[in-house]
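Heads up, the thing below is written out as structure tokens.
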Amino acid sequence: MFDAPAPAPEEPRTFRLGAVEGATPGKWIDAWKQRMPHVPLELLPIALSAQRAAIGELDAALVRLPLDDDAVHVIRLYDEVPVVVAAVDSHLLAVDELTVDDLAGEVVIGVVDAPLGPLAFPGTEPARFAALPAAEAIATAASGVGVVVVPMSIARLHHRKDVDHRPLADGPTSTVALAWPRARTTPDVETFVGIVRGRTANSSR
């Protein structure tokens, strides 16, 4: 009798996951490493303004909505609370939560790619300089020349000792979603979707 041929080894591959600034996929990456130890996961930062183009080069990406494209499958994950970042000695930090009305008279520093969309709060004034990357905008706010309004995750990512932030109760939220090309819904993508949705390795799809 002839021995059955050994199964061909799997081709080595990597799961490439993109993430916009502020997205926090850590717990999902940890779950992936436990469930798929033979497939390394590479986390790649992507610019918000380039997220649609980046999706085509990745297995999947954590993006900010809106993203209107029938060629892309999108799963909404969570909404991010907007916060106001201000210098530590700002009067705005005297309360636990702010409203848009509280910002009257403030200069709002623009952030590149506008993660919360265009901001035009009544009674506020846009900064007289161009929008800055989030880290630079927050550093500028620390000097007291204005405030920055961003999703909470971005404020935490670029936290400094000379600034603090407060939730903006009636400000615009930012929805984070998982997106991937519909034409490339691979088994690895399905596995990652299952992880994000909280399915265990033994759950049926």
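The values are calculated or read from the model by the stated rules, or taken from the named source; none is laboratory data. Not measured: the values here are computed from a predicted model. In this analysis, Cβ positions are derived from the backbone assuming ideal geometry, glycine residues included, and neighbour counts consider all displayed protein chains.
Being of a type in the set (Lys, Arg), in contact with a strand residue (DSSP E or B) (Cβ under 6 Å, 6 or more places away or on another chain) and outside the structural domain of residue 90 (by TED's automatic domain parsing) is a condition met by no residue of region 155-176. Return yes when residue 23 is farther than 28 Å from residue 172 by Cα and hydrophobic (A, V, I, L, M, F, W, C) and no when it is not. No; evaluated as a whole, the condition is false for this residue.
Hey, among 13, 52, which residue is at negative phi and in contact (Cβ under 8 Å) with a residue 24 or more places away in the chain?
Only one candidate qualifies: 13.
Of the strands (runs of 3 or more DSSP E) lying entirely inside region 148-205, those containing at least 3 residues that are modelled with pLDDT of 95 or more and out of contact with any helix residue (DSSP H, G or I) (no Cβ under 7 Å at 6 or more places or on another chain) are 174-181.
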